[in-house]
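Step one of this worksheet: look at the structure below.
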Amino acid sequence: MNAKKTKKIVVLATGGTIAGLASDAARPHHYSAAQVGVADLLQGQAFEGVELLSEQVAQIDSKDMSFAIWQNLLGRVAHWLAHEDVQGVVITHGTDTLEETAYFLQTVLQPIKPVALTCAMLPANARDSDGPGNLKDALAWVQQPDATGVAVVCASHVHAGLGIQKSHSHQRNPFTSQVNVVHPAHLAVPSVAKVLVCQQWPRVELVFNHVGADGRHVRSLMAHDAPQGWVVAGTGNGTLHHQLEAALLDAHKQGVFVLRASRCAQGGVQSRVADVLPHAGSLTAVQARVALQLHLMAQST
Ligand code: SIN
């Protein structure tokens, strides 16, 4: 008789409010993120026939997420997914930059096995902390037979990793997501190996269109400390104030990649016949910035 195999799920912790502590549990909004270690987060989380493995990849407030931590995280996710007996990976992460990490991991790894990012809006010692429930839901989701790719599990919702956006600053359910978001076909994606060895990530600056956007800081940076790329969060369908547009067209003529996104939360930018500056499709501006960094990395020798 075959013994039933134990499934393994790996939990990679990076910090965030889910690992946060309030100095007074009755005032949970006054807290420090990234205080509780992964072993303590996993207290009370158990599933029959499942072995939980864990690693503390980082311990940060996700506003401080860095490319070095992304590389480390990518390496650990790739490492564990390659194990036949690992069914999936759960990543605990702060909510603030989670949409960028989710986009980055899905785009570079495109995993067949499930990878769930989860989080919390209340610290671990708040009386009604949402962290344990979100973690339980994420651990359950990666065990679903049809679960695949990078997803975000939060507040009883499962969002596709590419389409997610933090759209509320303090609700328990801070995320919304668009469906059918795809990485723009004109932007290349580097291999996992190339990302892991990259020493100097391409510098891409983000600029917004707004009333009176005169492009002065684009011109100033181009003159003194030019980045390798610009993402512009345009108005509506990626439109730009004529002065900002002139500054970005000059940057484009100088060989700097300029990518147009929209500052609207939904819909992105649809192409028009006379477009000179390429657009980022349905990506949000912060995701477009990651996409352009990856493209420039893929093109580099
Ligand atoms: C963070 O992003 O690390 C802090 C905020 C949060 O997790 O909600």
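The values are calculated or read from the model by the stated rules, or taken from the named source; none is laboratory data. Given the structure is predicted, the values throughout are model-derived calculations rather than measurements. Because the Cβ atoms are built from the backbone with ideal geometry, glycine has one as well, and the counts that use them run over all protein chains shown. Calculation scope for accessible area: heavy atoms of the full protein, side chains included, ligands and nucleic acids excluded. Shrake-Rupley method; radii C 1.70, N 1.55, O 1.52, S 1.80 Å.
Somewhere in region 233-256, is a residue closer than 23 Å to residue 181 by Cβ, assigned to a loop (DSSP other than H, G, I, E, B), assigned by TED's automatic domain parsing to the domain that holds residue 217 and open to solvent by 30 Å² or more (accessible area, probe 1.4 Å)? The answer is yes; a qualifying residue exists. Taken as a whole, the structure leaves residue 158 outside the set of residues that are in contact with a Leu (Cβ under 8 Å, 6 or more places away or on another chain), farther than 23 Å from residue 22 by Cα and more than 13 Å from the ligand (Cβ to nearest atom).
Assessment of region 84-106 against the conditions (away from the ligand (no atom under 14 Å from the Cβ), assigned to a loop (DSSP other than H, G, I, E, B) and exposed (fewer than 13 other Cβ atoms within 10 Å of the Cβ)) yields at least one matching residue. Looking at region 63-81, can you tell me whether even one residue there is open to solvent by less than 20 Å² (accessible area, probe 1.4 Å), within 12 Å of the ligand (Cβ to nearest atom) and closer than 13 Å to residue 17 by Cα? The answer is no; no qualifying residue exists. Would it be correct to say that residue 138 is open to solvent by less than 10 Å² (accessible area, probe 1.4 Å), closer than 23 Å to residue 62 by Cα and part of a strand (DSSP E or B)? Judged against the criteria, residue 138 is not a match.
Are any residues in region 248-275 at pLDDT 95 or above and over 17 Å from residue 207 (Cα atoms), and if so, which ones? Within region 248-275, 253, 254, 255 qualify.
Show me the strands (runs of 3 or more DSSP E) found entirely inside region 148-193 where at least 3 residues are under 24 Å from residue 128 (Cα atoms) and at pLDDT 95 or above.
Details: elements: 149-154, 157-160, 164-166, 175-177.
Those strands (runs of 3 or more DSSP E) span 149-154, 157-160.
The set of residues in region 18-55 being within 23 Å of the chain's Cα centre (by Cα) and among the charged types (D, E, K, R) consists of 55 alone.
In the set 165, 178, which member is open to solvent by 20 Å² or more (accessible area, probe 1.4 Å), out of contact with any helix residue (DSSP H, G or I) (no Cβ under 9 Å at 6 or more places or on another chain) and farther than 18 Å from residue 12 by Cα? Before the answer, list the steps.
On the way: 165 fails: out of contact with any helix residue (DSSP H, G or I) (no Cβ under 9 Å at 6 or more places or on another chain).
Checking each option against the conditions leaves just 178.
Of all residue pairs spaced 6 or more apart or on separate chains, those with beta-carbon atoms under 7 Å, a first member in region 97-124 that is assigned by TED's automatic domain parsing to the domain that holds residue 76 and a second member that is basic (Lys, Arg) are 97/63; 98/166; 99/166; 121/172.
Can you confirm whether region 209-218 contains a residue that is open to solvent by 70 Å² or more (accessible area, probe 1.4 Å) and either part of a strand (DSSP E or B) or of a type in the set (S, T, N, Q) (or both)?
So in region 209-218, the residues open to solvent by 70 Å² or more (accessible area, probe 1.4 Å) come out as 210-211, 216-217.
Those still in the list that are either part of a strand (DSSP E or B) or of a type in the set (S, T, N, Q) (or both) too: none.
No, there is no match, as no residue in region 209-218 is open to solvent by 70 Å² or more (accessible area, probe 1.4 Å) and either part of a strand (DSSP E or B) or of a type in the set (S, T, N, Q) (or both).
Only a single criterion out of (1) in the same structural domain as residue 292 (by TED's automatic domain parsing); (2) out of contact with any Gly (no Cβ under 7 Å at 6 or more places or on another chain) is not satisfied by residue 269, namely (2).
If you take the residues of region 28-44 that are within 21 Å of residue 95 (Cα to Cα) and either part of a strand (DSSP E or B) or more than 16 Å from the ligand (Cβ to nearest atom) (or both), which of them is least open to solvent (accessible area, probe 1.4 Å)?
In the first step, residues of region 28-44 are kept if they are within 21 Å of residue 95 (Cα to Cα); the result is 28-42.
Add one more test, that the residue is either part of a strand (DSSP E or B) or more than 16 Å from the ligand (Cβ to nearest atom) (or both), and what stays is 31-32, 39-40, 42.
Working: 31: 85, 32: 61, 39: 68, 40: 95, 42: 25 Å².
So the residue we want is 42.
On the given criteria, is residue 185 open to solvent by less than 50 Å² (accessible area, probe 1.4 Å) and of a type in the set (A, V, I, L, M)? Explain how you work it out, then say what you get.
Numbers: open to solvent by less than 50 Å² (accessible area, probe 1.4 Å): no; of a type in the set (A, V, I, L, M): yes.
Against the criterion (open to solvent by less than 50 Å² (accessible area, probe 1.4 Å) and of a type in the set (A, V, I, L, M)), residue 185 does not qualify.
In region 278-301, what residues are aliphatic (A, V, I, L, M), open to solvent by less than 20 Å² (accessible area, probe 1.4 Å) and in contact with a Phe, Trp or Tyr (Cβ under 9 Å, 6 or more places away or on another chain)? Explain how you work it out, then say what you get.
Residues of region 278-301 aliphatic (A, V, I, L, M): 280, 283, 285-286, 288, 290-292, 294, 296-298.
Next, only the ones that are open to solvent by less than 20 Å² (accessible area, probe 1.4 Å) stay: 280, 283, 285, 288, 290-292, 294, 297.
Result: 283, 285, 290, 291, 292, 294, 297.
Checking each residue in region 45-62 for being within 16 Å of the ligand (Cβ to nearest atom) and more than 12 Å from residue 92 (Cβ to Cβ) picks out only 61.
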